[in-house]
Each structure stands twice: as structure tokens, then as C-alpha cells.
Amino acid sequence: MSKNDQPINTNKKVTAYIDNLFSGVGASQQLFDLKEELVTNLKEKIIDIKSRGLDDEQAFKEAVISMGDLGGLVDDMRRIGQDTAKQRVYSSMTARISNAGIVAGVLLILFGMFTVTMLYFMKMEAEPVIGSSIFIVAGGAMLTYSILVRETRNKYGMNKIRAALYALSVGLILFSIFTAFVSRFATGEIFIAIGSLMVFSLPGIGLFLLLILTGTDRRK
């Protein structure tokens, strides 16, 4: 086995271990969130242990031991899986938060678009016209987060931290476009606009690609 295959196999081993640990537990959004958190923690522990010179197999065993007894969590998730009332309350609360975020995000985007249009026809200077589009940046990031954490009939909602990182990446990309236009009209120099675009877009695109490449299957 090549060294390049080891991280992939370790990731599969970690996921299989967590899945097996909670086998027989009724599916729920809470269980999906917990399993994703445990997988992330276990992977981080393996990386930390490997930095001390242990191989993949030894690092995996040490990491599992360091997690301690997870029997209590399994029992809790089993009870939640059997309690449909709690599942409905949790899903309903998450859906309300997601709905509020989607509405707020769309309204911010529309407010930004209307303001930009209004100022343009008022024949304002380019800077305040472009500056008003900052609401579109904020709305785009909020809308991204709210859609991703939403549980649907076919998919579980994304982990909130991961969804926040997606929102950050989208926000950085939109902000890079915003700063590029502002810099262009404020200075009149195209190279400054390109520099502003580069500074914010590259981290945003890099983070977005990293999230896509390390994503987990959220299908029910």
C-alpha cells in the first residue's frame, strides 16, 4: 500500500468504526451531527498521535482508546432515535432557524440590489453606488449557511461549523468582487482592483474547494 493511500484508508476506517458503534440506532439529525463530530475528533487525534512517530494502525488504536467509553452516547442516541416527539421538536427548531436565515439572506440581497439601482439612477458617484452592494455580500453568506443547515426529506442538515465555513468561503468570494469594484472606482487603477480581487478570492476559493473535497455524504 502506498503512502498516498493511507490517509484515504484511515478515513474510511474511522467512518466505519463510528458507523459500527452506532449500528442499530435509529437515524436522526442529532445522530448524524454527533457521528460527524466524533469522526472529526477521531481524525484529529490520529493526526496528533501520528506526529509522535506511530504508524496508522497504532495511531488509530491509541485514538480510539483516548476517546473513552462512548456507550453512554450510544444509549442516548438510541433513546432519541426511538423518541419521535423529540426528533420532531429538534427538526422543527432547526427548520425555523434555517427559514429565518433564508428570509433574512434574501431580503439583504434584495435590499442591496434595490439600493444600488436607486443610487445609480440618482446619478450618485460610483463609490457609494458600489458600496451599497455590501448588503449582497452579507446576504449571500447568510443564505448559504441557512440553506446548508436545513434538513430536507432526502438529506440531513450540514454540520453547523462546516456550514459556517462554506458561508465564509462564499462571503470571501463575494467580498473580493465587491472590493475589486470599489478599488477600481476609488483609485482608477485596474491593477489595484485585481490585487484586491486576488487577496480575498484565493482564500475563499481554496476554502470552498477544501470543503467540497472533504465533504461527507448527507443522504438519508
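Each reported figure results from applying straightforward, stated rules to the coordinates on display, with no laboratory input. Note that the structure is predicted; figures quoted are calculated from it, not measured. Cβ: placed from backbone, ideal geometry, glycine included. Neighbour counts: every protein chain shown.
Contact order, relative form, for segment 5-82: 43 percent (alpha carbon pairs under 8 Å, 6 or more residues apart, mean separation divided by residue count). The angle between the Cα long axis of helix 190-213 and the main principal axis of the chain comes to about 20°, on a 0 to 90 degree scale. Identify the trypsin sites (Lys or Arg not before Pro) of segment 10-53 meeting these criteria: DSSP loop state and at most 14 other C-beta atoms within 10 Å of the C-beta. Passing sites in segment 10-53 are Arg52. Gain on full extension, evaluated as 0.36 nm per residue between Arg78 and Glu62 minus their Cα-Cα distance, stands at 3.1 nm. For segment 151-188, list residues with backbone N below 18 Å from a point placed 7 Å from the Cα of Asn41 toward its Cβ? Backbone N within reach: 159-162.
Nearest 0.05, what FRET efficiency do Arg219 and Ser51 give at R0 = 30 Å with Cβ-Cβ as r? E between Arg219 and Ser51, to the nearest 0.05, is 0.35.
Projected onto planes of every orientation and averaged, the convex hull of the alpha-carbon atoms in the chain covers 16.0 nm². Based on C-alpha pairs under 8 angstrom that are at least 6 apart in sequence, segment 78-211 has a relative contact order of 21 percent. Remark: relative contact order (segment 115-182) = 35 percent; criterion is Cα-Cα distance under 8 angstrom and separation of 6 or more residues.
Helix 84-121 and the long axis of the chain differ in direction by around 20°, with both axes built from C-alpha atoms. Looking at segment 116-220, the GluC sites (Glu not before Pro) that sit in a DSSP loop and have at most 11 other Cβ atoms within 10 Å of their own Cβ are Glu125, Glu189.
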